[in-house]
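The values are calculated or read from the model by the stated rules, or taken from the named source; none is laboratory data. No experiment lies behind these values; they were computed from the predicted model shown. Here the Cβ positions follow ideal geometry from the backbone for every residue, glycine too, while neighbour counts run over all protein chains shown. Quick note on the areas: whole protein, heavy atoms, side chains included, nothing else; ligands and nucleic acids left out. Shrake-Rupley method; radii C 1.70, N 1.55, O 1.52, S 1.80 Å.
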Amino acid sequence: MTSSSSTINKWYALLIVLTAPLLYVIDIFIINIAIPTIKSSLHATDGEVQLVIAAYLLGSACFLITGGRAGDYLGKKKVFFWGMGWFTLTSCLCGLCQTATQLNIARFLQGVSSAFMVTQSISLIQVLFPDAAERAKAIGWYGITLSIAAIIGQMLGGYLSQTQVAIEGWRLIFFINLPVGVAAMWAIRRYLQETEKTDQVKFDYPGAIVLTAALGCLIYSITEGREQHWPRWSFLLMVLSLVLLGIFVYVQQRKLAANQGPLINLQLFKQPAFNIGLLAVLFHFMLHTAYLLMMAVFLQNGLGISALACGACFIPHALLFMLSSVVASRLLVTYGKRVLQTGLLIILLAFLLQLFYGSSQHHPLLSVSFIAIYGLGNGLVLPFLLNIVLDNVPVEDAGAASGIFSTFQQTASGLGISIIGGIFFAILESGQDPQIYATALRYGLIAGMACLFIVALMLYWLPHKPATK
């Protein structure tokens, strides 16, 4: 790394780097809890409030690979700084919106800016910690950050959505990013060191445009297709996305053969562990995002719990996630994938218990307990999927690899909301039975267990231990 700033210990630098996933995850959880209040305030339809979540995911997923590669070409510190700046600005724009349409546009732009800052945070971890043991610990702190962000987001979402001050409370959930974002920008500029740039060839702008268009068509069709009962245009967009992805792969192969600096080094996909890890990421984030959304709806609408109480119900989940992430970070180098497999067994236990006992509307504390067990298992899995995917990736491709990882993560989130969440909401729309929320949750859990089985299969095929460098 080249130095143009004050020298700082790499573990302190990690604290600065982790502000990106902190803010990013807060803005997911804080919205999940506040959706009912936003819908009422802006007089939005169900489709419009779902887009408040989906537009953020769409904007992020479309630009993750581009954002990751931009750090390789322009410098990770520079892209991290400006990504944080635009995220802070677009957060404030969200808080100023007067209509649902304005909010969805602002959320899309917020997602775009998050793509540039989050990918730098992931790739900077790999640059700062080339040693496998230290990197495992750093990723453990990454997992802790996710759990802290979940706690903050859930509690603030519940509290602020019920707060009435000079402005509507839900607007404050966006404005709180302002002081944190400004402080992070100051720390990035002062203390982080710039990384080496890949300047032998020009940035692949045509590739970035084609890939963005392909992912945009895919994610928009899967997030909006179900809401509008799968109209013809949604299937046409899916086909178009596949065509564009085919064109993208072909052009990238040509650029790689001609040594012209492709957006994605397709050689990465020749590593079996990388591919298997990406599939594990895809199916795990599908079940994870859908499960959290289903439980937020079940607790508030099915059990009649307030937004603030709903946020509090997720605190045990986040605390146990944090605890297991710390433990797993110390065990991963020694026990490898067995740590993740243990986490999957705990998640399966939580799902089975909830399937038979925890979806009853008469025992809300059971649901909270099983959410907590899920968090315990998930802390052994979710943060360390990143370690599996990036373990054998060369440092010079860290930006592209982290972008691919994050793109799979975000695409999986959209798929989870569309497919597993679609099953959940389809059951809700099928009748007026008082137990309809419990029934819908059971079907959603069964779909989640199917994804869990695929993740377990992917981990079975992986090498036993992470490689050391």
Original post:
Do we find a residue being closer than 22 Å to Phe248 by Cα and touching a Phe, Trp or Tyr at 6+ places or on another chain (Cβ under 8 Å) anywhere in the stretch 81-88?
Top reply: no
Original post:
Which pairs do you get when a residue that is crowded, with 22+ Cβ neighbours inside 10 Å, found in the stretch 76-88, comes within reach of a residue that is aromatic (Phe, Trp, Tyr) and part of a helix (DSSP H, G or I), reach meaning Cβ atoms under 9 angstrom, with the pair 6+ apart or on two chains?
Top reply: Val79/Tyr73; Val79/Phe116; Phe80/Phe116; Gly83/Phe116; Met84/Phe116; Phe87/Tyr24; Phe87/Phe116
**OP:** Hey, can you tell me all the residues within the stretch 432-469 that are open to solvent by 90 Å² or more (accessible area, probe 1.4 Å), at pLDDT below 90 and assigned to a helix (DSSP H, G or I)?
**Re:** Tyr460, Trp461
Original post:
How about the stretch 319-342: which of its residues are small (Gly, Ala, Ser) and crowded, with 24+ Cβ neighbours inside 10 Å?
Top reply: Ser324, Ser325, Ala328, Ser329
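Are there helices (runs of 4 or more DSSP H) fully within the stretch 175-294 with at least 2 residues that are closer than 30 Å to Thr163 by Cα and under 25 Å from the mean Cα position of the chain (by Cα)? List them. Spell out how you get there, then give the answer.
Values: elements: 177-191, 205-225, 232-257.
Qualifying helices (runs of 4 or more DSSP H): 177-191.
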Original post:
Quick one: would you say Val297 is among the β-branched types (Val, Ile, Thr) and either open to solvent by less than 10 Å² (accessible area, probe 1.4 Å) or touching a Gly at 6+ places or on another chain (Cβ under 7 Å) (or both)?
Top reply: no
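Within the stretch 139-148, is even one residue among the β-branched types (Val, Ile, Thr), in contact (Cβ under 8 Å) with a residue 12 or more places away in the chain and open to solvent by 60 Å² or more (accessible area, probe 1.4 Å)? It would help to see each step written out before you state the result.
Just the residues of the stretch 139-148 that are among the β-branched types (Val, Ile, Thr), to begin with: 139, 144-145, 148.
Narrowing the set further to residues that are in contact (Cβ under 8 Å) with a residue 12 or more places away in the chain leaves 139, 144-145, 148.
Right, trim to open to solvent by 60 Å² or more (accessible area, probe 1.4 Å) and you get 148.
Scanning the stretch 139-148 turns up at least one residue that is among the β-branched types (Val, Ile, Thr), in contact (Cβ under 8 Å) with a residue 12 or more places away in the chain and open to solvent by 60 Å² or more (accessible area, probe 1.4 Å).
Can you list the helices (runs of 4 or more DSSP H) lying wholly within the stretch 311-413 that have 1 or more residues being among the small types (Gly, Ala, Ser) and modelled with pLDDT of 75 or more?
Working: elements: 315-335, 337-353, 364-378, 382-390.
Of the helices (runs of 4 or more DSSP H) lying wholly inside the stretch 311-413, those with at least 1 residues that are among the small types (Gly, Ala, Ser) and modelled with pLDDT of 75 or more span 315-335, 337-353, 364-378.
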**OP:** Determine whether Gly67 is on the phi > 0 side of the Ramachandran plot and either open to solvent by less than 20 Å² (accessible area, probe 1.4 Å) or in contact (Cβ under 8 Å) with a residue 60 or more places away in the chain (or both).
**Re:** no
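Each row is one residue, and each column tells you yes or no for (1) assigned to a helix (DSSP H, G or I); (2) under 25 Å from Tyr142 (Cβ atoms); (3) of a type outside the set (S, T, N, Q); (4) without any contact (Cβ under 8 Å) to a residue 60 or more places away in the chain.
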| residue | (1), (2), (3), (4) |
| --- | --- |
| Ser91 | yes, yes, no, no |
| Asn104 | yes, no, no, yes |
| Phe108 | yes, no, yes, yes |
| Thr119 | yes, yes, no, no |
| Ile125 | yes, yes, yes, no |
Original post:
If you go through the stretch 73-85 one residue at a time, do you hit one that is among the basic types (Lys, Arg) and more than 11 Å from Met117 (Cα to Cα)?
Top reply: no
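Do we find that Glu196 is open to solvent by 80 Å² or more (accessible area, probe 1.4 Å), charged (D, E, K, R) and at pLDDT below 80 in this structure? I'd like the intermediate steps shown before the answer.
Working: open to solvent by 80 Å² or more (accessible area, probe 1.4 Å): yes; charged (D, E, K, R): yes; at pLDDT below 80: yes.
Taking the combined requirement at face value, the residue satisfies it.
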